[in-house]
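Worksheet: one structure, shown below.
The values are calculated or read from the model by the stated rules, or taken from the named source; none is laboratory data. Just so we're clear, the structure is a prediction, and the values are computed from it rather than from any experiment. Cβ placement follows ideal geometry from the backbone for every residue including glycine, while neighbour counts extend to all protein chains displayed.
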Amino acid sequence: MVVRRRDPEGLRAHVADLAQGRPRAPMTHDAFAAAYGAAPEDLERVAAFAQTHGLAVVQTHAARRSVVLSGSVAQFEAAFGVELSDFEFDGGSYRGRTGALHVPEDLNKVIEAVLGLDNRPAAKPHFRIRQDAAAAPTAFTPIEVAELYGFPAGDGVGQTVALIELGGGYKPADLQTYFKGLGVTAPKVTALSVDHAKNAPTGSADGPDGEVMLDIEVVGAVAPGAAIGVYFAPNTDAGFLDAITTAAHDQANKPSVISISWGGPESSWTAQAMTSFDSAFQDAAVLGITVLVASGDNGSTDGLSDGAQHVDFPASSPHATGCGGTRLTAKGAVLEAEQVWNDGADGGAGGGGVSATFALPTWQAGLAATAADGAATPLARRGVPDVAGDADPDSGYEVRVDGQDTVIGGTSAVAPLWAGLIARINAASGARAGFINPALYKSPQALHDITVGDNGAFEAAKGWDACTGLGTPNGAAVAAALKA
């Protein structure tokens, strides 16, 4: 259960300052909890409600504004006035609810969301393994991609990058072998359990292991001096949210960057879940944490066949930085050309478009989405993505998964690539970059503008577009823009 903030107006004003580019120092965790966490009396009222229905309070966290409850199906049905049943889907079954959620009138404004009654898989990883190495022999190490993008010198020492993972796992022996092959010191990697999930390799690169290893190896190669915290959580809306809030409010590891490579079409999420995730990203912004999210690998439809265009969530949250995809061509250490990643329906394409949920952010005012026919429509809502990077499996990343060397692409690689860049920038500047979108939109020249290609319904164009956002990083220029 997500409980209301103590001072929502104060939080909105704080975030508005960040969105307008007005400097605000990152808050400490204790100061945040005192100013914007849940009030003790609200937490007590929720606990009393739970006790009335025989539900146990497993965990309460004021800063995260969360209360975790445990009980029987019958107890939850009675407490929230719903019916819980088992439903089938391709690949298994899940517990779902029938009917609207109900809470007592005196708690109506206290409780903002009730998640976890429905435990269907909430998200998918956004990576693609290259299928035909002979047809497309080009691949890069993450270090080579960073060099092509002119990342500033540094290794991210003193920073912690949080990776959100909803399944799978990693094998330390593979990481040792991989980083030894790159000639860099293996980073410190820590598995962190959220809601009882654990580091649990499946043994298959095609499954979530591919995502976990890709994320770790890209960040670790680009910023080997940074610590990496891998937050494993159940693949449910409640588990996903808990992983994000746990990372953002982790006072032991103190991540300065959160990288997320999982998501799904906005239409597959409940309104309360999207609101809760976006609120968590606002927490991160106020705490000075940069949140980077893959925009999806299924082009402008986001993999749906209803004839409409869709964007991926949580990349569509205006308080996260959505990361789209390109295909990169290089000659030696020189980047020769880039275009939108689009290998067709079966091969994948970078996700992007216009949100159906979130309002237009101030820093995207005046921008337009260019359709495949060349028509430009002014943005009426949040445009996705914000930035981009190499994502095509045919110009993909050399990684090691479950004892095998392979090449992986997808926008899943772009979020950790940018995370590594931000870790380097933070380490060099001695300060947290925090919420980077306003600064990047004020300095579009800090990115390589991508003007060739499409992702289905949308076409690349000069300036921001709904395929690659502002473009791919010119690392040193990005560092200067964020410092300014």
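If you check ALA38, ALA34, ALA48 for being surrounded by 12 or more Cβ atoms within 10 Å (Cβ to Cβ), assigned to a helix (DSSP H, G or I) and either of a type outside the set (D, E, K, R) or not assigned by TED's automatic domain parsing to the domain that holds ASP242 (or both), only one passes: ALA34. Which numbered condition trips up ILE422, out of (1) of a type in the set (Val, Ile, Thr); (2) in contact (Cβ under 8 Å) with a residue 24 or more places away in the chain; (3) more than 20 Å from VAL219 (Cβ to Cβ)? ILE422 satisfies every listed condition except (3). If you go through the stretch 177-194 and pick out every residue that is surrounded by 19 or more Cβ atoms within 10 Å (Cβ to Cβ) and either outside the structural domain of GLY225 (by TED's automatic domain parsing) or hydroxyl-bearing (Ser, Thr, Tyr) (or both), you end up with 1. So, GLY207, is that one of a type outside the set (Phe, Trp, Tyr) and more than 23 Å from ASP237 (Cα to Cα) or not? Taking the combined requirement at face value, the residue does not satisfy it. When the stretch 75-109 is filtered for residues that are among the aliphatic types (A, V, I, L, M), in a helix (DSSP H, G or I) and without any contact (Cβ under 8 Å) to a residue 60 or more places away in the chain, the ones remaining, listed by number, are ALA78, ALA79. Of the strands (runs of 3 or more DSSP E) lying entirely inside the stretch 237-344, those containing at least 2 residues that are surrounded by fewer than 24 Cβ atoms within 10 Å (Cβ to Cβ) span 262-265, 321-331, 334-340. What about ALA63, is it part of a helix (DSSP H, G or I), of a type outside the set (Phe, Trp, Tyr), within 19 Å of ALA284 (Cα to Cα) and under 26 Å from the mean Cα position of the chain (by Cα)? Considered against the rule, which asks whether it is part of a helix (DSSP H, G or I), of a type outside the set (Phe, Trp, Tyr), within 19 Å of ALA284 (Cα to Cα) and under 26 Å from the mean Cα position of the chain (by Cα), ALA63 comes out as no.
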